[in-house]
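Below: the structure, in structure tokens.
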Amino acid sequence: FDIYFREKDVANNYLWNKWRKILNIKINDDYSRKIFESIFRYAIKKNDKSMLIPFRHNSDILGKINRAEEWQQHDVNNVLDNHEPNIKFENKEIEQGYKILEKMNISKYDKIILLVVRDPSYRKNSSELTNRDNDICEFKPLVEYLCNKNYKVLRMGKKMKERLDFYHDNFTDYAFHNLNSDFMDIFLFYASNFVISTGSGLDAVAALFRKKKLYLNSGELNSFNFRLNSNISFIYPKKVFDNKENIQLSLFDIFEKGLDKL
């Protein structure tokens, strides 16, 4: 038996409804949690990997597992490379999506790049940058470069700290746009050509449509599968400094000192 029940909080209701159809989930979500959560917690207690599919975001049980284990985070069998996407849009949904894009000055023939930059607003009541956060202002030269190359650049996100202070016919700060929605959050990944990300859950949507990703200034090395598949093109990590020695550590130094596990 395959048992699947959702988290208490749903990040994107449109996507969850798609998965409900694909996974043939007919039981009410509230009922399914009451019935199946006890089985799930039993498997956690036993640390039975034969009973568990990958998971990471259950904050009350993260301390009982090794977050860096490959079986939880990585497509170690290259399933995505070897199979067609399960998530598909109906024709009327595709028409609807492109009509909304036209209102953003984007046509179906444009080359679209999505920019996913996590900032402190990802965490409630937080204002300080963490190792996974970035200041969107630092990406302004990159956005300007891409726009001048005639790419349509959309800055993604649902809860962001501030707008990018940049104006160009080819740039849309979608995170603050009045046309954003759960549907468009997913459709944009379908319509895009490429995704640039600092490392956040949202960029995982790119894998649904087998779109390539470039990770820039990423601060969580232990979450990456360094046996790169076709969906990840390049990873450029944050610079790490040794304050005591006043030097920048090389990537080899980072791994030799075990800092990739932090």
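The values are calculated or read from the model by the stated rules, or taken from the named source; none is laboratory data. Just so you know, these numbers come straight off a predicted model, no measurement behind them. All Cβ positions, even for glycine, are placed from backbone atoms using ideal geometry, and neighbour counts span all protein chains on display. These accessible areas exclude ligands, DNA and RNA; they are computed on the full protein's heavy atoms, side chains included. Shrake-Rupley method; radii C 1.70, N 1.55, O 1.52, S 1.80 Å.
Conditions tested, residue by residue: (1) more than 24 Å from the chain's Cα centre (by Cα); (2) of a type in the set (K, R); (3) open to solvent by less than 50 Å² (accessible area, probe 1.4 Å); (4) at pLDDT 90 or above.
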{"site": "R6", "(1), (2), (3), (4)": "no, yes, yes, no"}
{"site": "Y14", "(1), (2), (3), (4)": "no, no, yes, yes"}
{"site": "K18", "(1), (2), (3), (4)": "no, yes, yes, yes"}
{"site": "A43", "(1), (2), (3), (4)": "yes, no, yes, no"}
{"site": "S59", "(1), (2), (3), (4)": "no, no, no, no"}
{"site": "I65", "(1), (2), (3), (4)": "no, no, yes, no"}
{"site": "Q73", "(1), (2), (3), (4)": "no, no, yes, no"}
Fill in: Condition check for F241: open to solvent by 60 Å² or more (accessible area, probe 1.4 Å) and not aliphatic (A, V, I, L, M)
yes
Practice prompt. Please name all residue pairs, on different chains or six or more residues apart, with Cβ atoms under 8 Å, provided the first residue is in the range 123-150 and is open to solvent by less than 40 Å² (accessible area, probe 1.4 Å) and the second residue is part of a loop (DSSP other than H, G, I, E, B) and small (G, A, S).
Written response: D133/G219
Practice prompt. Select from the range 214-236 the residues that are at pLDDT 75 or above and either in contact with a Phe, Trp or Tyr (Cβ under 8 Å, 6 or more places away or on another chain) or open to solvent by 50 Å² or more (accessible area, probe 1.4 Å) (or both) and list them in ascending order.
Written response: L214, Y215, L216, N217, S218, F234, I235, Y236
Worksheet item: Within the group D119, D110, which residue is open to solvent by less than 20 Å² (accessible area, probe 1.4 Å) and under 22 Å from S181 (Cα atoms)?
Response: D119
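Condition first: hydrophobic (A, V, I, L, M, F, W, C), crowded, with 16+ Cβ neighbours inside 10 Å and either within 17 Å of the chain's Cα centre (by Cα) or modelled with pLDDT of 80 or more (or both). Can you find one or more residues in the range 88-100 that meet it? Steps first, answer last, please.
Kept after step one, since they are hydrophobic (A, V, I, L, M, F, W, C), are these residues of the range 88-100: 89, 94, 100.
Then keep just the ones that are crowded, with 16+ Cβ neighbours inside 10 Å; that gives 89, 100.
Those left that are additionally either within 17 Å of the chain's Cα centre (by Cα) or modelled with pLDDT of 80 or more (or both): 89, 100.
Yes, because at least one residue in the range 88-100 is hydrophobic (A, V, I, L, M, F, W, C), crowded, with 16+ Cβ neighbours inside 10 Å and either within 17 Å of the chain's Cα centre (by Cα) or modelled with pLDDT of 80 or more (or both).
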Response to the item:
Taking the range 151-173 and the residues there that are hydroxyl-bearing (S, T, Y) and in contact (Cβ under 8 Å) with a residue 24 or more places away in the chain, the one that is farthest from A191 (Cα to Cα) would be T172
